[in-house]
Amino acid sequence: MFWKKKESCAITAVDVGTSKIAVAVGELRPDGSLVLLGVGESPSAGIRKGEIVDFQLAQQAIEQALADAEAKTECLIEYVYLSLTGMHLEPKTIRLKTPIDSEDHRITAAHVERLGEQMENYAIPAEHEIIHSAVQHYYIDRNAPTADPIGLNSQTLEASYHIVHGLRTRLETLFRCVMELDIKVVHYALSSYASSQAILTRQQKALGAVVIDMGAGVTDYLVYADGAVAHTGVLAVGGDHVTQDLALGLKLPFSKAEQLKIKHGNLSTGAERPNARLTIEKDMNSDERSVYVESLGKIMDLRIRETLELIRDEIDSKGLWARVSGNVYLTGGASQVPGLQRLAGEVFPAPARLAHEFLLEGDQTYNKRPDLSTVLGLLRYAQHYDLQHERLTGWARWRRRVQDWVPLRIF
C-alpha cells in the first residue's frame, strides 16, 4: 500500500460488505486499551449477499478502502482482521465427552485439551472448513455444569461447543482478494460475533441477548445464552430487498426506490394520514408522480416484519427464548429506518433496542454509525486477540491451517 507514517501498535479491521467496504484502524496503548484512529470506506463492487462474485471489482473496492484508511490515519496497513459472512456458513452445536481415566479421577488440562482435539477433528463436509468454535459449557458427572473443570473429580468430562463451518472455496476467494494486495490476514471473526463485541457488555451476554445486524445484502444474527454463544445465523435478506420490494410495488426504478426509502422510509403505515402523498420529482428518465405514504410504509413493514419473524422462529426452534432474559439489539445500516424498534417489539418475545451508538476512545466521528457496527466490533475483537497472541505466531498458526487449501503467494 502507499507509504505513510507507520504506527507500530496499529491494528486494522476490514468488513467486506454488500454496499460498502469499511476499514477501521486503531492503536493499542501500552496498557492494552484501544483508541480508534479512523475509518476508511469505499462503495462495494463485485459483491452480492456478502460474498464476492467478481474478484477484480471486489479487490479494487477493498484496495480503495484500505488506501482511504491509510490516508485518514497516516498508518501503513500491513496486517488486517477480516469479518466473515455469507449463506455458505453453517452453524452447529455439538457435545463431546471424554473419560477421566486417572486413578483419582481428577480433571487436568490434558483432559480439556483432549476435548479440544475432538472438536477440531469433528466431521464436517469435506469441502468445508471450521471457522468459528467456542466452548459453551463444561459438564461433569450427573450433567453438572462448570465454568472451569480443572481440578474437579469426575468420571467423565463433557463440553458443548458452538461451531460454524463454511465453504473453503468462498473463504479462499476472500482471503486471496486481500492477500494479493500485499496485506497479511492475522485472523477473522463471524460478522455477527464482531457486531456483538461492539454492542454487548459481559453482563448483557450473561443475561442472554440477541444481536441482529441488518445489512444491505444479508442479515446476520447471534444469540447469547448464559454468557456463551448459543446460536448464529445468516439470512439472505437485507436493505436491498426492501428497496427491491418498493421498486416493484410502486413501479419505480431501483435508484428512485432507494432514495425514497432513505429520505421518507417509515415503518408506520400512515393510517393516521391515509391520503397523504409523496411527490417524486421528474428526471430525464421519468415524469413527476406521487405515491401514497401509507403504501410506502406497508411495503417496508411487510418485508422487514417477515425478516424478523424468520429470526424469531429460528431462535424458537432451538428452544433459546427461555434463556434470553435481556434484550434484542438491532444494528447495521438497514436498522436506521424509523419505526423499527416498535415493529421489533411486536415481533419478539423480548424487549427490542436500537444499538446505534458505540463507546470507543479516539475519533468520535464514527461512534454513532450503526452501519459500522461490524467493523468497529471487529476492531475490539482484534484488540483482545492481539493482546493474547504474538502476531507472527498467530499468523504462522493460520498459515499451517490453510496452506493446504489456499494458493498462497504473499505472507
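State the extension gain, in nm to one decimal, for the chain segment bounded by L152 and A206, taking 0.36 nm per residue of separation less the distance between their alpha-carbons. If you can, show how the numbers build up before the last one.
Details: separation 54, 0.36 × 54 = 19.44 nm, distance 2.34 nm.
17.1 nm is the gain from fully extending L152 to A206.
So if I place +1 on the C-beta of Lys and Arg and -1 on the C-beta of Asp and Glu, and nothing else carries charge, what would the dipole magnitude of region 90-167 be about its Cα centre? I want it in debye, nearest 20.
260 debye
Order of T169, T98 from fewest to most other C-beta atoms within 10 Å?
So the residues, fewest neighbours to most, are T169, T98.
Which semi-axes, in whole Å and largest first, does the equivalent ellipsoid of region 90-167 have when worked out from the alpha carbon gyration tensor as the square roots of 5 times its eigenvalues?
26, 12, 9
Taking the Cα atoms only, what angle lies between the long axis of helix 254-264 and the longest principal axis of the chain, rounded to 10 degrees?
Between helix and principal axis, roughly 90 degrees.
About the Cα centre, and with charges only on the beta carbon of Lys, Arg (+1) and Asp, Glu (-1), how big is the dipole of region 199-356? Nearest 20 debye, please.
It works out to roughly 300 debye.
Quick one: compute the contact order of the chain, relative version, from alpha carbon pairs under 8 angstrom and 6+ residues apart, as a percent. Kindly include the intermediate steps, with their values, before the conclusion.
Values: 867 pairs, mean separation 75.0, N = 411.
For the chain, the relative contact order is 18 percent.
Would you compute, for the Cα atoms of region 248-370, the largest minus smallest coordinate along each principal axis and list the three values in descending order, in whole Å?
Principal-axis extents of the Cα atoms in region 248-370, largest first: 53, 40, 25 Å.
Just to be sure I understand: if I project the alpha-carbon convex hull of the chain onto a plane and average over all orientations, what area do I get in nm²?
22.5 nm²
Can you tell me which of R380, R168, R114 moves the most in a GNM of the chain? Springs connect C-alpha atoms under 10 Å apart.
R114
Under 20 Å Cα to Cα from K282, which aspartates and glutamates show up? Leave out anything in the same chain fewer than 8 places away.
Straight-line reach from K282, under 20 Å: E258.
When the helices in the chain are scored as -39500 (n - 2.57) per DSSP H run of 4 or longer and the sum is shared across all residues, what 222 nm value do you end up with, to the nearest 500 deg cm²/dmol?
Taken over the chain, the calculation gives -11000 deg cm²/dmol.
Taking Cα atoms, how many degrees apart are the long axis of helix 55-73 and the longest axis of the chain, rounded to 10 and kept between 0 and 90?
Roughly 90 degrees between the two axes.
Run the numbers for D141 and N266: contour at 0.36 nm per residue of separation, minus the present Cα-Cα distance, in nm.
Gain in length upon complete extension: 39.6 nm.
Which one, F175, L235, N121, projects farthest toward the positive side of the charge dipole computed for the chain from Cβ point charges (K/R +1, D/E -1)?
Of the options given, the answer is L235.
Could you work out how much longer the chain between I94 and D182 gets when fully extended? Use 0.36 nm per residue separation minus the Cα distance between them, nm to one decimal.
27.9 nm
Among G345, T279, A247, whose Cα lies farthest out toward the positive end of the dipole of region 199-356, if unit charges sit on the beta carbon of Lys, Arg (+1) and Asp, Glu (-1)?
With unit charges placed on the Cβ atoms, the residue in question is G345.
How large is ³J(HN,Hα), in whole Hz, for each residue of region 331-347 in order, when computed from phi with the Karplus curve 6.51 cos²θ - 1.76 cosθ + 1.60 and θ = phi - 60°, using x for Gly and Pro?
So the J values, rounded to whole Hz, are 9, x, x, 7, 8, 8, 6, x, x, 5, 4, 4, 4, 4, x, 6, 8.
Report the charge-dipole magnitude of the chain in Debye, nearest 20, computed about the Cα centre from +1 at each Lys and Arg Cβ and -1 at each Asp and Glu Cβ. Can you show the working numbers first?
Working: 45 positive and 53 negative charges, 90 e Å.
Charge dipole, the chain, about its Cα centre: 440 debye, nearest 20.
Going by amide H atoms built from the backbone, whose H comes under 5 Å of the H on I150, apart from near neighbours?
Sorted by chain and number, the residues that satisfy this come to none at all.
Does region 1-105 classify as rounded, prolate or oblate by the C-alpha gyration tensor (a ≥ b ≥ c root eigenvalues; a/c under 1.5 gives rounded; else a/b over b/c gives prolate, otherwise oblate)? Intermediate values should be presented prior to the final figure.
Numbers: a/c = 3.53, a/b = 1.45, b/c = 2.43.
Since a/c reaches 1.5 but b/c is at least a/b, the shape of region 1-105 is classed as oblate.
Using a Gaussian network model of the chain with C-alpha springs under 10 Å, which one of E113, E361, E306 is most mobile by mean-square fluctuation?
E113
What fraction of the Cα pairs in region 277-321, stated in percent, has a spacing above 18 angstrom?
Details: 546 of 990 pairs.
Looking at region 277-321, the distances longer than 18 Å represent 55 percent of pairs.
Taken together, the values in this text are just the output of simple stated rules run on the coordinates, not laboratory data. Since the model is a prediction, treat every value here as computed from it, not as a measurement. We place every Cβ from the backbone using ideal geometry, glycine too, and count neighbours over all the protein chains shown.
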